[in-house]
1. For segment B:381-451, list the helices (runs of 4 or more DSSP H) that sit wholly inside it and hold at least 2 residues that are more than 14 Å from chain A (Cβ to nearest Cβ) and either in contact with a helix residue (DSSP H, G or I) (Cβ under 7 Å, 6 or more places away or on another chain) or open to solvent by less than 20 Å² (accessible area, probe 1.4 Å) (or both); which are they?
2. Scan segment A:72-84 for residues that are more than 9 Å from chain B (Cβ to nearest Cβ) and over 17 Å from B:Tyr338 (Cβ atoms) and jot them down.
3. Before we move on, is B:Val189 closer than 14 Å to B:Ser445 by Cβ and open to solvent by less than 10 Å² (accessible area, probe 1.4 Å)?
4. For the structure I just gave you, tell me whether B:Lys280 is in a loop (DSSP other than H, G, I, E, B), open to solvent by 40 Å² or more (accessible area, probe 1.4 Å) and not aromatic (Phe, Trp, Tyr).
5. With the requirement that a residue be within 14 Å of chain A (Cβ to nearest Cβ) and either out of contact with any helix residue (DSSP H, G or I) (no Cβ under 8 Å at 6 or more places or on another chain) or modelled with pLDDT of 95 or more (or both), what does segment B:241-292 give you?
6. Does any residue of segment B:315-325 turn out to be within 10 Å of chain A (Cβ to nearest Cβ), open to solvent by 40 Å² or more (accessible area, probe 1.4 Å) and of a type in the set (S, T, N, Q)?
7. How about segment B:452-461: which of its residues are closer than 25 Å to B:Asp222 by Cβ and open to solvent by 10 Å² or more (accessible area, probe 1.4 Å)?
8. Which of the residues belonging to segment A:19-53 are in contact with a helix residue (DSSP H, G or I) (Cβ under 9 Å, 6 or more places away or on another chain), among the acidic types (Asp, Glu), closer than 29 Å to B:Glu388 by Cβ and more than 7 Å from chain B (Cβ to nearest Cβ)?
Amino acid sequence: MPVDKKLVEKISKLSRLNIDESKINDFVSNFEEILNYIDLLEQVPDNSNQNEEDLISDYATRDDSIIEKLSNDEVLMNAKNKDGKFFAVKKVIDEE
Amino acid sequence: MYKTIEDINKGYKKKDFKPSELVSEYLSEIKLKDQKLNSYTEVFEDLVFSHAQNLDKEIDSDNSILDSNILFGIPIALKDIFLVKDLICTSGSKMLENYVSNYDSKVYESLKITSCLLLGKNNMDEFAMGSSTETSYHGPTLNPWDLNRVPGGSSGGSASAVAAGLACASIGTDTGGSIRQPASFCGIVGLKPSYGRVSRFGMIAFSSSLDQAGPLCRTVKDSAILLDSISGYDSKDSTCLNLPPTNCYTELCKNDFNLKDFTIGIPSKLLDIGLDREIKTNFDSLIKELISNGVKVVDIELPNAKYSVATYYIIAPCEASSNLSRFDGVRYGHSTDYKNVKDLEEFYIKNRSEGFGDEVKRRIMLGNYALSSGYYDAYYLKANKVKEMIVSDFNSAFNNVDCILSPTCPELPFNLGEKKNDPLKMYLSDILTIPANLAQLPSISIPLSLSKNNLPIGLQITGKKLDENTLLKVANGLENLIGFSATPKG
């Protein structure tokens, strides 16, 4: 896929980010340069049949039990928009 | 104020000074120098002074605590990426400029038990993404050796503060060199432990499979003391290894080793990348000196290490794009009034676009691109395969050597602004530090020498996974051989 303004805008939308119009061209040229560099990996022969499960570490797990918890007030203390005991956001479900 | 942990402990024992007197001195130094350096994001003046006064009384009533606990009363700082309950933690970002932690990071919890003194929080690249501390929302930190140059990054505030004598030590984090490169640029010691040695709980995540906390300090012994106190199992980090804390300081103090006991590997081909001439000359002289002292030095091959930067700049942004998706302005972080936006999507976009700086946006977008439909195999999966090849290169090399030596950085500390608009150039400066992160190895930077322009040059020593003991013995041996004692004017 060519690296152009359209691609950068698509990726910024996926990332829930807005890039200032004045900076878009810089983002396009930096993106192009970085992706060209990363393509260096195409030179590495891929002889392995490893799949994702082989490569991603098997992390430790523990029982799903409650060990300690923050109070409701503590959980809400850094939220700018709150309503009583809840985080507040714009309504996401339309009324019928 | 260029005191080591050991110096301060001795000073307390001899009653040369009390914790409150020492803290006052550090606070005056910070006032004097930090307006220019900008190495701290916040200094806890009142809090640390009253803590120190309490420790004065404890020592007066029973000073045996100083024998059993060498960190007692040691004034340190933390990179502003570690949560400390009730204090602001910004991670160098506008996104978290008002964020108050409601619990302690494991690293701080471990340090708190020792009764060390927390002077403040150090500046850093935004969300630890950078190699110069120029991406911080708090403005750039300067290098005390030359105020026109960067201190390195992302733990640049930690390195600058320790180098300038504004803290005895600091704890930083290293994802692709973020402890070792600033330690090198500022002429101090910086240790990245093996992945999994130190809990990441309460440390704001950048790239979870690579991030690791470690000390920036004045000597190898000090790095051992701090590693011993922050390492160990923590059930709250699923990647933290189920191992007891290290015991490196006691091992070092036995003094029962000699550099000749170890075989040192040099990755000559990797060093053909175009090292700065002065760095190459200084590194080569050290190798000659080692050989003439009877140390066994052998050439090693790391054939895939040249792909490290490309591998890293796929894996780290992919993980960052996922980790930083939590910053949507709902539960915490920069947030607009939700009543003034059209819908939830606009709310997210507005919060994230206003809260993140350009480098963070670039990396989130790179990650989302590499993980987007149809690209996963070509990028993330391929990068993880190459990562395994790099691990296997190191495993082969470590069949014949105990440690691997190289300069820490291919270049001297660069000028402020020199690379700010050229991200790829900035990324390539991490070529010598990234391999240890990908292979999860412990790696340390110690000062090697000064350039003709009085800029520090760092020496990197990388060890076998989980063998911090051998790594620190070799580093201590080299430190004694090199005898670096210069301090910056700034």
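The values are calculated or read from the model by the stated rules, or taken from the named source; none is laboratory data. Since we're looking at a predicted model, the values are computed, not measured. A quick note on method: Cβ atoms are made from the backbone with ideal geometry, for glycine too, and the neighbour counts reach across all protein chains shown. The accessibility values were calculated without ligands, DNA or RNA, using every heavy atom of the protein model including side chains. Shrake-Rupley method; radii C 1.70, N 1.55, O 1.52, S 1.80 Å.
1. Helices (runs of 4 or more DSSP H) meeting the threshold: B:382-397, B:434-438.
2. Within segment A:72-84, A:Asn72, A:Asp73 qualify.
3. Here the answer is yes, as B:Val189 does meet what is asked.
4. It is false that B:Lys280 is in a loop (DSSP other than H, G, I, E, B), open to solvent by 40 Å² or more (accessible area, probe 1.4 Å) and not aromatic (Phe, Trp, Tyr).
5. Correct list: B:Leu241, B:Asn242, B:Leu243.
6. For segment B:315-325, residues within 10 Å of chain A (Cβ to nearest Cβ), open to solvent by 40 Å² or more (accessible area, probe 1.4 Å) and of a type in the set (S, T, N, Q): present.
7. B:Asn454
8. Within segment A:19-53, A:Asp39, A:Glu42 qualify.
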